[in-house]
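Colleague: Got a structure for you, written out below as structure tokens; questions coming shortly.
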Amino acid sequence: MTRTVASLSALLMSIVLLVSGNAFLMTLLGIRLSIESVSPDVIGWVLVCYSIGFVLGTLYVHRIIGRVGHIRAFAVFATIAAVTALLYPMAVSTELWAFLRVLSGFSIAGVLVVIESWFSSRATNSNRGALFAVYQIVFYLSAAGGQLIVNVGDPANFMPFSLAAILLALALIPLSLTRMEAPVIEQVRRISFFTLARESFTGVSGAVTCGILIGGFYALGPVYATLIGLDVAKTSTFMASAIIAAMLLAWPLGRLCDRFDRRRVMFWVVFTAAIAAVAVSFTGAGNPWLLMLLVGIFTGLSAMIYPISVAITNDRMESTRIVAASATLLLSYGVGSVIGPIAMAELINLMGPIGLFVGNAGVLFVLAAITSLRITYTDDVAVKDQEHYVPAMPETSSVLTEMDPRNTEFHESPEVEEMHEESLRHTG
């Protein structure tokens, strides 16, 4: 396993640079738009364009990669992401920035598909669960670290944007120098949204809701922090603490999901997150450390809604349909991430900064009601029959779902099979 991770060091370095640069840029844009006195509803429309581009990217970048190859496609997508970062401070125009956010989302989706397909190609049936976990830990830590970089300069000038572009451009170097053979990318099958909703309405509702909550928070969290008077340093810590909380809560809640009925775990996670959102709306900037604790609880629990939704859905799926179901849940999350920034921006415009968490609380209470009704009127899956819980991260492409340890149709790439056989010959 250590040798496998070492062989993926170039990919991991590209992930660190890419994710930290992208997370840094997302927070930076929210702060800069607030400094420019752009109204929250307009900010929501501008920033949601990233989610639109990302969803489009996950649907169509496979064709580009198949036509020009992995390395060339990666170079194109990473270059587009870096160039858009440089263009933002040249002209503060909401129309231009909205267009650039679509390009950014599309290009980041393309880069992730390339990286994750390479990552998946190195997995075997014995190590893919560990690699799946390594990828997610690196991703979360990089995203949290990216938030802290916001402190390096004044968001009102060009320097932070140049730094974001540098990080995105540097992500080209490790992967471009790799000698690994390019894997074959196949378009992942999806189950119809309505078919999946009939089979697991709680799972689909949870995926959409998680998209609304997390998409709205990542887009408008920096705006909220600026509006309540937090300085740039506290805003970056505010955003980083939310991401770290999501990572820290994954393991203990995963244990609960394996020991108890998952829909009941979902209900209490959602209900607790709703109470935390209400508490945040009353806290404000008067006690910033209490605020960050409550926001950490809210975002950490909200982020857990997606993997629990995946687990609930997979419990009702044949193992051969897990990847297709997961791909549809990812798309459902993407739809929610488009709705979230727009809806929450309108609430901030109407109610002030508390509108973000009042709206989040309302969405969570609706999901809690849906979950309660489904528990009451539909049959449970016995705990002993539940699939093993696996943390699933929505900020990714459908390629990574193939590495899910619950996927019984996973096939090792020919290159990995040959390496495995060679290793057995040497050890034998």
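Colleague: Which of the three applies to segment 280-347, rounded, prolate or oblate, going by the alpha-carbon gyration tensor with a ≥ b ≥ c and a/c under 1.5 meaning rounded?
Modeller: oblate
Colleague: Keeping all protein chains in place and using 1.4 angstrom, which order do Thr235, Thr283 fall into by accessible surface area, from largest down?
Modeller: Thr283, Thr235
Colleague: Given N residues in segment 219-320, what is Rg(Cα) / (2.2 N^0.38 Å)?
Modeller: Details: Rg = 15.6 Å, N = 102, 2.2 N^0.38 = 12.8 Å.
Cα-based Rg divided by the globular estimate yields 1.22.
Colleague: Pull out a ≥ b ≥ c, the square roots of the eigenvalues of the alpha-carbon gyration tensor of segment 186-225, then state rounded if a/c is under 1.5, prolate if not and a/b is larger than b/c, and oblate in the remaining case. List each step's numbers first, then the result.
Modeller: Working: a/c = 5.43, a/b = 2.01, b/c = 2.70.
In terms of gyration-tensor shape, oblate.
Colleague: Probe 1.4 Å, all protein chains in place: accessible area of Phe132 in Å², nearest 10?
Modeller: Rounded to the nearest 10, the figure is 10 Å².
Colleague: For segment 127-176, what does the alpha-carbon gyration tensor say about shape, rounded, prolate or oblate, given a ≥ b ≥ c as the root eigenvalues, a/c under 1.5 as rounded, and a/b over b/c as prolate? Kindly include the intermediate steps, with their values, before the conclusion.
Modeller: Working: a/c = 5.78, a/b = 1.89, b/c = 3.05.
Oblate, since a/c reaches 1.5 and b/c is not below a/b.
Colleague: Using a 1.4 Å probe, how large is the accessible area of Arg264, given in Å² and rounded to the nearest 10?
Modeller: So the heavy atoms of Arg264 present about 100 Å² to solvent.
Colleague: Where the accessible area of segment 208-357 is counted over protein heavy atoms with a 1.4 Å probe, how much of it, in %, is carbon and sulfur? Display every interim value, and only then the final one.
Modeller: Numbers: 3490 of 4860 Å².
Carbon and sulfur together cover 72 percent of it.
Colleague: Suppose all protein chains stay in the model; what accessible area per residue would a 1.4 Å probe give for segment 33-151, in Å²? Intermediate values should be presented prior to the final figure.
Modeller: Numbers: 4280 Å² over 119 residues.
I get 36 Å² per residue for this part.
Colleague: First obtain the Kirkwood hydrodynamic radius of segment 62-105 from its Cα pairs, then insert it into the Stokes-Einstein equation at 20 °C and 1.002 mPa s, and state the resulting D in µm² per second as a whole number.
Modeller: Numbers: Rh = 11.4 Å.
Here the translational diffusion coefficient equals 189 µm²/s.
Colleague: In whole percent, how big is the carbon plus sulfur part of the accessible area of segment 51-173, probe 1.4 Å, protein atoms only? List each step's numbers first, then the result.
Modeller: On the way: 3330 of 4560 Å².
It is 73 percent, rounded to a whole number.
The values are calculated or read from the model by the stated rules, or taken from the named source; none is laboratory data. Nothing here was measured: the structure is a model prediction, and the numbers come from that model. Accessible surface is based on the protein model in full, side chains and every heavy atom, while ligands, DNA and RNA are left aside. Shrake-Rupley method; radii C 1.70, N 1.55, O 1.52, S 1.80 Å.
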